[in-house]
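One structure is given here, and the rest of the page talks about it.
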Amino acid sequence: MHNPMLQEWIRQMAEMCRPDRIVWVDGSREQKEALEKEAVATGEMIRLNQEKWPGCLYHRTAVNDVARTEHLTYICTRNKEDAGPTNNWMEPQEAYRRAGEYFRGSMRGRTMYVIPFSMGPIGSPFSKIGIELTDSIYVVLNMLIMTRAGREVLEQLGSDGDFTKGLHSKGDLDDKKRLILHFPEDNTIWSVGSGYGGNVLLGKKCLSLRIASYLGRLEGWMAEHMLLMGIEDPSGRVEYIAAAFPSACGKTNLAMLVPPEPFRSRGYKIWTVGDDIAWIRLGEDGRLWALNPETGFFGVAPGTNAKSNPNALATIRKNTIFTNVLLGDDGNVWWEQGEGPPPASGTAWNGRRWKPGLVDHEGKPVPGAHPNSRFTAPISQCPIVSPEWENPRGVPLSAIIFGGRRSTAVPLVFETFNWRHGVYTGATMSSELTAAQFGTLGKVRRDPMAMLPFCGYNMADYFGHWLKMGEKMSSPPKIFHVNWFRRDANGNFIWPGFGENLRVLEWILRRARGEAEAVETPLGFVPAPGEINLEGLELSPSAMEQLLAVDRDLWLEEVADHRRFFQQFGSRLPRELLEECDALEQRLKS
Ligand code: GTP
Ligand code: SPV
Ligand code: MN
């Protein structure tokens, strides 16, 4: 396929990076196997015990390169205001110049791989094509799992099709020479100096959220950090929900949940559509339709076990890449709160020798797997993958759910009063920081719609876009907020979480249909007593009260923080959100 724009761009990038050779990724099995062999030969990847882990590979990143680096991630628009106060900004010419220095000659002695990929089914009206140039086989092998990549994409692109231009080089993995740059106005991404997931798998956060959110506003659709799942009730009806939780706050787990008893025996079933990203469009029927643009899971390993997430465990039994988990000397992988006992000895995520019970000089346990260690696995291997997951039209949404990780203040679940109040609730949501970001663990930050690190333009305009989408819908989905992470006085989670979360989803779906009872609070509607089905669960009525309680004084402090957060947007903030702020304050005071 001859695409002059593509050829010319590759020529220019190669001139800058100086690879020894250029290899086109065609999506074939033979090429994939050859690349795996090469990566194993150089030590970049390790083949696991193939009897236990067929087709599985292991990779360790540099120890300074284990999570997304938000402080090195930039939105490079011509006007600073268009990136907004929540994004790092760099002037585009300056950004190209600075990164250009790191890219210059960075691929000497290396191969430049050209990966043509489609986010979304090839040819779907939802889909977008990207080309990633990279000097990392690890990136190629991950992209082959996470996206539809290869020759077919080039055919779809044709001789003059438009695509996102992605350039990645590991550089020398020096975090002082690391930059993750987005040029939404040029449909371009430059990433240098990292080899970690979200920084380098350019189809994921960089294209499918930052660039796509920008394109979505221009083109009238939405790119969101959301899981997608179908919930089938005993009558066989399947309803779909989308849920936005910040990184490492439970999307993968919810998307694959196992119904608890008595739901399971009554015939409830869960169907996984996606665990991280949803592209959402307005259907001709006036409803919202959502699609998962990815083809794989890049999921958090620690905490994944047969009890918390058996479907994830089944998904990663073969053809999976493990990154920064513990590698046992027996060729097995293991992680904290995983399955079975740890191996007698092995090598930890940081390359150091490890054995169970290892403690540091202060006597604290030394983990074998990094808390943000991950698996990359094909969605198609998920035992409960939805038959609709590749439907080019997407699935219709019955409810949208926001949620964060909050030890206090935020109830288990509430329903917002209407779309506008739902947008306000999403815009002010917050969460405690996790290992998925560099930063102080546990610190609370506002993370609107779980998109703070992923919105490719001014977040005030993003809120405006949400409000506008609501006006266009004849039947907008109801918007809810959940918090699985409220703790008691002893610091224990009050709500059991995981599969039991279906009890909350069931109430949400009944509310969406207008069938469940609720009690009004200043925040919205919470379940009326007895409305959450607790059959088979040992949870005292007082615990439920605690989970749903709204402390007015605490919430007045929250509102003050909402205002502080909003202030940074100045006059660009839609006034509707300030009105919602006033209204909430009034409700709390009355
Ligand atoms: P990203 O891939 O970073 O976007 O994360 P994610 O939102 O998909 O989070 P994931 O499902 O991987 O969960 C992250 C962590 O939260 C894991 O350690 C889980 O064990 C834990 N977790 C998930 N769901 C629940 C829950 O319902 N309750 C509790 N207490 N913990 C949960
Ligand atoms: C997240 O941090 O939200 C992830 C992992 O899903 S990464 O792809 O690294 O962004
Ligand atoms: Mn994520």
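None of the figures in this text is laboratory data; all of them are computed from the coordinates on show. Computed from a predicted structure; not experimentally measured. Cβ: placed from backbone, ideal geometry, glycine included. Neighbour counts: every protein chain shown.
Report the calculated FRET efficiency for S590 and S265 (r = Cβ-Cβ distance, R0 = 45 Å), to the nearest 0.05.
Numbers: r = 45 Å, r/R0 = 1.00.
Rounded to the nearest 0.05, the efficiency is 0.50.
If the cut-off is 18 Å between C-alpha atoms, which aspartates and glutamates fall inside it for K251, apart from same-chain ones fewer than 8 positions away?
Partners within reach: E224, E239, D275, D276, E294, E432, D447, E500, E506.
In debye to the nearest 20, how big a dipole does the range 297-381 give about its Cα centre with +1 on each Lys and Arg Cβ and -1 on each Asp and Glu Cβ?
Values: 8 positive and 6 negative charges, 32 e Å.
For the range 297-381, the charge dipole is close to 160 debye.
Taking H as built 1.01 Å from N, whose amide H comes closer than 5 Å to the amide H of F297, not counting residues under 5 places away?
A377, I379
Sequence neighbours fewer than 8 away in the same chain don't count; with that in mind, list the lysines whose C-alpha is under 19 Å from K170.
Output for K170: K204, K205.
With an 8 Å cut-off on Cα pairs and a minimum separation of 6 or more residues, tell me the relative contact order of the range 297-381 in percent. Each step should come with its number before you reach the end.
Values: 166 pairs, mean separation 35.7, N = 85.
It comes to 42 percent, rounded to a whole number.
To the nearest 20 debye, what charge dipole does the chain have about its Cα centre, counting +1 at the Cβ of each Lys and Arg and -1 at the Cβ of each Asp and Glu? Mind dumping the intermediate values first?
Working: 67 positive and 72 negative charges, 185 e Å.
Here the chain has a charge dipole of around 880 debye.
Straight-line reach from K176: which aspartates and glutamates have Cα under 20 Å away, leaving out those fewer than 8 places along the same chain?
In chain and number order, the partners are D65, E70, E91, E94, E101, D135.
How large is the charge dipole for the range 193-346, taken about the Cα centre, if only the Cβ atoms of Lys, Arg (+1) and Asp, Glu (-1) carry charge, to the nearest 20 debye? Could you put the intermediate results ahead of the total?
Values: 14 positive and 15 negative charges, 32 e Å.
Roughly 160 debye for the range 193-346.
Return one number: the angle in degrees, 0 to 90 and rounded to the nearest 10, between the long axis of the Cα atoms of helix 29-42 and the longest principal axis of the Cα atoms of the chain.
80 degrees
Any chance you could give the angle, 0 to 90 degrees and rounded to 10, that helix 92-103 forms with the longest Cα principal axis of the chain?
Taking the Cα atoms of the chain, the angle to 92-103 is about 50 degrees.
To the nearest 0.05, how large is the calculated FRET efficiency for L578 and E51 if R₀ is 60 Å and r is the Cβ-Cβ distance? Please list the in-between numbers first.
Working: r = 61 Å, r/R0 = 1.02.
So the FRET efficiency works out to roughly 0.45.
Angle between the Cα long axis of helix 552-567 and the longest principal axis of the chain, 0 to 90 degrees, nearest 10?
40 degrees
Within 10 Å, count the other beta carbons around each residue, average over each peptide in 368-376, 79-87, and list them highest first. Kindly include the intermediate steps, with their values, before the conclusion.
Working: 368-376: 24.8, 79-87: 17.9.
Packing order, densest peptide first, comes out as 368-376, 79-87.
Rounded to the nearest 0.05, what FRET efficiency do V366 and E94 have when you use their Cβ-Cβ distance and R0 = 30 Å?
0.10
Of the peptides 465-476, 354-365, 314-325, how do they stack up when ordered by the mean number of other Cβ atoms within 10 Å, highest first?
314-325, 465-476, 354-365
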